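Just so you know, all these numbers are worked out from the coordinates, no wet-lab data involved. Computed from a predicted structure; not experimentally measured. Note that we place each Cβ from the backbone using ideal geometry, even for glycine, and neighbour counts take in every protein chain shown.
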Amino acid sequence: MADAVLLIENLRKRFGGLVVTDGVTLEIGPGELHAVIGPNGAGKTTLIHQISGTLTPDGGRMLLNGADIMPLPPNERARLGLARSFQITSVLPRFSALENVALAVQARSGSSYRFLRPAAREAELNDQAMAALTEVSLDHRADIVAAHLSHGEKRALELAIALALEPKLLLLDEPMAGTGPEESERIVAVLKKLKGRFAMLLVEHDMDAVFALADKISVLVYGRVLASGTPHEVRNDPAVTEAYLGEELE
Amino acid sequence: MSMLAPAMPVRRSARTEIAVAAIFIALALVPFAAAYGAQGYILSLFVRVMVFAIAALAVDFLCGFGGLITFGHAAFIGLGAYTVAIAGAHGVTDMAITLPLAILVSALFAYVTGTICLRTSGVYFIMITLAFGQMAYFIAGSLAPYGGDDGITLPARSTLFGLAVFKDDRALYYVTLGFLAGAYFLLRAVVYSRFGRVFRGARENPTRMATIGFDVFRYQRIGYVIAGALGGLAGFLLANATEFVSPAYMSWQRSGELIIMVIFGGLGTLYGAIVGAASFLLLEEVLAGFTENWKLIFGPLLVLIVLFARGGMVGLVTSIKARLTRG
């Protein structure tokens with residue numbers, strides 16, 4: 001337990017009368033890719049919001065590398081090594097792809113309370129940003145303003161931003177959402193390449209992608225963990241088949 | 001808001017450099033040209049232009065780069081001016097003391113009010129900056145020992161280590177020009193710096209900025225303090241130019257005019273703020289010469305600029321040039 005990257009215990013959250021997170025317990029080990037699946041409205045994105053700090057849980061425990069992150073705001077959790085991508089693409093639209101990533105490098109390395117030297121000429125920032133862009137095969141689009149990138153490219157850019165943060169844990173909220181089959185394949189390939197380097201929590205509807213990538217899968221239904229285990233175990237769990245997977249796996 | 005502000009070019013273009021150089025050379029030559037006309041009048045008009053250009057630069061920094069639409073920036077001008085006037089009333093007229101003091105007072109006011117204003121955003125931010133501006137305005141009006149609503153006349157222009165450096169209008173002119181250039185190049189450096197990148201990023205997507213680890217509020221507050229300090233500098237110069245200070249300097253109309261200047265010149269360009277301040281004040285001067293109701297002409301002109309020249313005067317020149325070169 002002690003070496004878990006992320007440990008969540010008995011996490012609870014309700015919106016008025018609606019229980020969205022109902023005693024969720026989850027453990028992610030180093031380098032592990034843990035997928036959370038479940039039908040719409042199961043509370044997957046709400047869970048990610050609580051881990052990243054944009055929503056405050058009602059109760060439970062959350063440890064990142066043993067440190068209690070519950071009282072911390074999102075920016076301090078990020079400093080502890082928590083990176084996330086968003087379900088709805090979230091980049092800086094008027095910044096170039098390179099500047100988007102360079103900003104993430106800047107967030108991790110050195111002070112940003114520097115007022116006079118032009119940041120765009122800092123080779124140290126640019127080189128690391130370029131390396132991250134290369135990993136997601138976006139290096140040839142480095143100078144393009146983010147607003148002008150295709151949807152799939154924006155998703156890849158989000159990954160590059162997350163990479164540049166050199167996270168301990170990466171939260172991926174539907175990285176394939178809204179992408180075409182070709183672009184999905186590309187993102188799966190990138191994620192496969194990244195697997196093992198740091199722990200990841202993946203929320204995704206694309207079951208092919210989930211079963212191709214995940215080391216462990218948790219099935220979330222009505223805010224509860226219905227089942228948790230290896231892809232093989234989850235696939236053969238009768239409760240899961242009944243509740244959710246059935247038709248999609250045939 | 002995003003519609004108003006153009007994307008900032010990653011690299012400075014040669015065209016910008018030429019425009020900036022032209023602006024500063026033209027301003028440096030004004031006193032020579034003025035010698036052939038009503039020198040005193042022209043010099044004082046252009047000192048006014050440059051003083052408001054400094055304040056407009058600060059407003060462009062906040063609005064055009066930080067996405068923080070401030071409707072109370074005249075308060076900082078007033079604070080700077082009142083610092084000079086009040087110190088003068090107590091016999092302190094040396095700018096070695098009053099200038100840093102004017103800047104410090106406005107920076108402090110920016111820090112305190114910014115801490116509150118920046119908890120809000122959008123329309124609420126506009127309203128709360130307006131409220132603080134009005135507060136400063138009414139407090140100044142109630143300062144009975146310092147003239148109250150009528151304002152107060154300075155005993156004399158500031159001295160520097162006892163020397164009456166501002167006695168000559170030209171000296172005041174060039175010192176103001178120097179400060180304007182300093183403010184422009186400082187802000188330009190800041191906008192492109194690491195800090196500036198975070199400051200601009202906070203306008204684009206504050207949630208994203210927080211999730212990559214930035215405490216957006218702190219950066220915005222520093223930006224607000226920088227802009228406030230520049231407002232104080234403008235106030236210091238304005239008090240010296242007019243040798244008179246009154247609450248009218250802080251009225252919300254003044255704050256509105258600063259925004260108009262920035263939009264007029266071209267939001268998010270910095271040098272547009274200088275162009276905007278000059279066009280606004282010179283137009284006001286010319287139109288007021290024709291008719292007392294000059295605002296009747298000025299209003300529609302502003303509407304036309306906003307409708308047909310999104311990038312302000314600066315954008316207008318660029319798009320006309322682009323059209324001409326296309327043939």
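Taking each residue in A:120-133, count the Cβ atoms of any other chain within 10 Å of its Cβ, then average. What number comes out? Could you put the intermediate results ahead of the total?
Details: counts 6, 2, 2, 0, 0, 2, 0, 0, 0, 0, 0, 0, 0, 0.
Neighbouring Cβ atoms belonging to other protein chains average 1 per residue here.
Using the alpha carbon gyration tensor of chain B, what are the three equivalent-ellipsoid semi-axes (square root of 5 times each eigenvalue), largest first, in whole Å? Intermediate results must be reported in sequence, preceding the final value.
Details: eigenvalues 174, 132, 72 Å².
Value: 29, 26, 19 Å, ordered largest first.
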Taking θ as phi - 60°, what are the ³J(HN,Hα) couplings along the stretch B:44-61 by the Karplus curve (6.51, -1.76, 1.60), each to the nearest whole Hz, with x for Gly and Pro? 5, 4, 6, 5, 4, 4, 5, 4, 6, 5, 4, 5, 5, 4, 4, 5, 5, 4
Listed pairs A:Lys154/A:Lys195; B:Lys167/B:Lys295; A:Lys154/A:Lys192; A:Lys13/A:Lys168 exceeding 23 Å between Cα atoms: B:Lys167/B:Lys295; A:Lys13/A:Lys168
Ranking of B:Val216, B:Val84 by count of other Cβ atoms within 10 Å, fewest first: B:Val216, B:Val84
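Throw me the Rg/Rh for the stretch A:74-212, computed over C-alpha atoms with Kirkwood Rh, two decimals.
Dividing the radius of gyration by the Kirkwood radius yields 0.96.
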Beta carbons within 10 angstrom, averaged per residue: use that to sort the peptides A:177-185, B:106-114, highest first. B:106-114, A:177-185
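Can you classify the stretch A:89-166 as rounded, prolate or oblate using the Cα gyration tensor, where a ≥ b ≥ c are the square roots of its eigenvalues, rounded means a/c under 1.5, and otherwise it's prolate if a/b beats b/c and oblate if not?
Values: a/c = 1.83, a/b = 1.60, b/c = 1.14.
Taking the square roots of the gyration eigenvalues as a ≥ b ≥ c, the stretch A:89-166 is prolate.
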Under Karplus coefficients 6.51, -1.76 and 1.60, residue-wise ³J(HN,Hα) of the stretch A:35-47 in Hz, glycine/proline x: 9, 10, 10, x, x, 3, x, 7, x, 6, 5, 4, 4
The stretch A:225-243-the stretch A:14-30 distance, computed between alpha-carbon centres (Å): 18 Å
Taking Cα pairs under 8 Å and at least six residues apart, what relative contact order does chain A come out at, in percent? 27 percent
Amide H neighbours of A:Leu33 under 5 Å, counting only residues 5+ apart in sequence or on other chains, H built in-plane at 1.01 Å? A:Met200, A:Asp215, A:Lys216
Separation of the B:Ser13 and A:Ala189 label points, Cα + 7 Å toward Cβ, nm: 3.7 nm
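Hey, can you rank A:207-218, B:139-150 by average C-beta count inside 10 Å, highest first? Provide the component values of the computation, followed by the final result.
Numbers: A:207-218: 19.0, B:139-150: 14.8.
By packing density, highest mean first, the sequence is A:207-218, B:139-150.
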What dipole magnitude, in Debye to the nearest 20, does the protein assembly as shown give about its Cα centre under +1 on Lys/Arg Cβ and -1 on Asp/Glu Cβ? 1380 debye
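Can you compute the helix-only [θ] at 222 nm over chain B? Use -39500 (n - 2.57) per DSSP H run of at least 4 residues, normalise by all residues, nearest 500 deg cm²/dmol.
Mean residue ellipticity at 222 nm (helix-derived): -24000 deg cm²/dmol.
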Among B:Val123, B:Val245, B:Tyr111, which residue has its Cα furthest toward the positive end of the charge dipole of the protein assembly as shown, with +1 on Lys/Arg Cβ and -1 on Asp/Glu Cβ? B:Val245
Would you work out the charge dipole size for the stretch A:89-166 about its Cα centre, treating the Cβ of every Lys and Arg as +1 and the Cβ of every Asp and Glu as -1, and quote it to the nearest 20 debye? 280 debye
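Sorted by mean Cβ packing within 10 Å, highest first, what order do the peptides B:275-282, A:150-157 take?
Values: B:275-282: 23.0, A:150-157: 20.8.
Per-residue mean Cβ counts within 10 Å order the peptides as B:275-282, A:150-157.
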I'd like the distance separating the alpha-carbon centroids of the stretch A:110-125 and the stretch A:183-216, in whole Å. 34 Å
Whole-Hz ³J(HN,Hα) for each residue in the stretch B:164-170, computed from phi via Karplus 6.51 cos²θ - 1.76 cosθ + 1.60 with θ = phi - 60°, x for glycine and proline: what do you get? 7, 5, 9, 4, 7, 4, 5
Calculated FRET efficiency, B:Ala96 and B:Arg323, Cβ-Cβ r, R0 60 Å, to nearest 0.05? 0.70
Assuming 0.36 nm per residue, please report the length gained on full extension of the stretch B:Glu285 to B:Thr153 beyond their Cα-Cα distance. 45.2 nm
Collect residues whose amide H, placed 1.01 Å from N in the peptide plane, falls under 5 Å from the amide H of B:Asp94; neighbours closer than 5 in sequence don't count. B:Thr159
With point charges of +1 on the Cβ of Lys and Arg and -1 on the Cβ of Asp and Glu, referenced to the Cα centre of the protein assembly as shown, which listed residue (B:Leu143, A:Ala129, A:Leu26) lies farthest in the positive direction of the dipole? B:Leu143
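Quick one: dipole size for the stretch B:14-326, taken about the Cα centre, charges +1 on Lys/Arg Cβ and -1 on Asp/Glu Cβ, in debye to the nearest 20. Show your work: numbers first, answer last.
Details: 20 positive and 14 negative charges, 257 e Å.
Once rounded to the nearest 20, the dipole reads 1240 debye.
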From the square roots a ≥ b ≥ c of the eigenvalues of the alpha-carbon gyration tensor of the stretch A:1-154, which class results: rounded (a/c under 1.5), prolate (a/b over b/c), or oblate? prolate
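Restricting to DSSP loop positions (anything but H, G, I, E, B) with no more than 13 other Cβ atoms inside 10 Å of their own Cβ, which trypsin sites (Lys or Arg not before Pro) remain in the stretch B:242-327? Please report the intermediate quantities before stating the final value.
Numbers: sites: B:Arg254, B:Lys295, B:Arg310, B:Lys321, B:Arg323, B:Arg326; in loops: B:Arg310.
Hits after loop and neighbour filter: nothing returned.
Just check the protein assembly as shown against the gyration tensor rule for me: Cα atoms, a ≥ b ≥ c as the square roots of the eigenvalues, rounded for a/c under 1.5, and otherwise prolate or oblate depending on whether a/b exceeds b/c. Could you put the intermediate results ahead of the total?
Values: a/c = 2.77, a/b = 2.18, b/c = 1.27.
Prolate.
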